[in-house]
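Enquirer: Pasting a structure here, questions to come.
The values are calculated or read from the model by the stated rules, or taken from the named source; none is laboratory data. The model shown is predicted, which means the values in this text are computed figures rather than measured ones. Cβ atoms come from the backbone with ideal geometry, glycine included; neighbour counts cover every protein chain shown. These area figures cover heavy atoms from the full protein model, side chains too; ligands, DNA and RNA do not enter into them. Shrake-Rupley method; radii C 1.70, N 1.55, O 1.52, S 1.80 Å.
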Amino acid sequence: MVILSVPQVNRYLAEVTGEEAQVNYRVKQVKTVEEQVTAMSTQVNSFYFSAGL
């Protein structure tokens, strides 16, 4: 087992937390895009429905 000094542990945790934040940010972006696509398809469906197509 490797024994790390406190500064090394803190730096490692900071890096891991930073990576997690980036991943979470990307996931949020993807979810936002999915929501926009869903909203657009809903609008298109309601447009065709109201147009009687």
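Enquirer: Pairs only if they're at least six apart or on different chains, beta carbon under 9 angstrom, first in the stretch 2-26 and open to solvent by less than 100 Å² (accessible area, probe 1.4 Å), second not acidic (Asp, Glu); list them, first residue then second.
Expert: Once the first residue is open to solvent by less than 100 Å² (accessible area, probe 1.4 Å) and sits in the stretch 2-26, its partners that are not acidic (Asp, Glu) give 4/12.
Enquirer: Another question about this same structure. Hey, could you check the chain for residues that are assigned to a loop (DSSP other than H, G, I, E, B) and of a type in the set (A, V, I, L, M, F, W, C) and say which is modelled with the lowest pLDDT?
Expert: Per the criteria, the residue is 53.
Enquirer: Is it fair to say residue 48 is more than 15 Å from the chain's Cα centre (by Cα), at negative phi and open to solvent by 80 Å² or more (accessible area, probe 1.4 Å)?
Expert: yes
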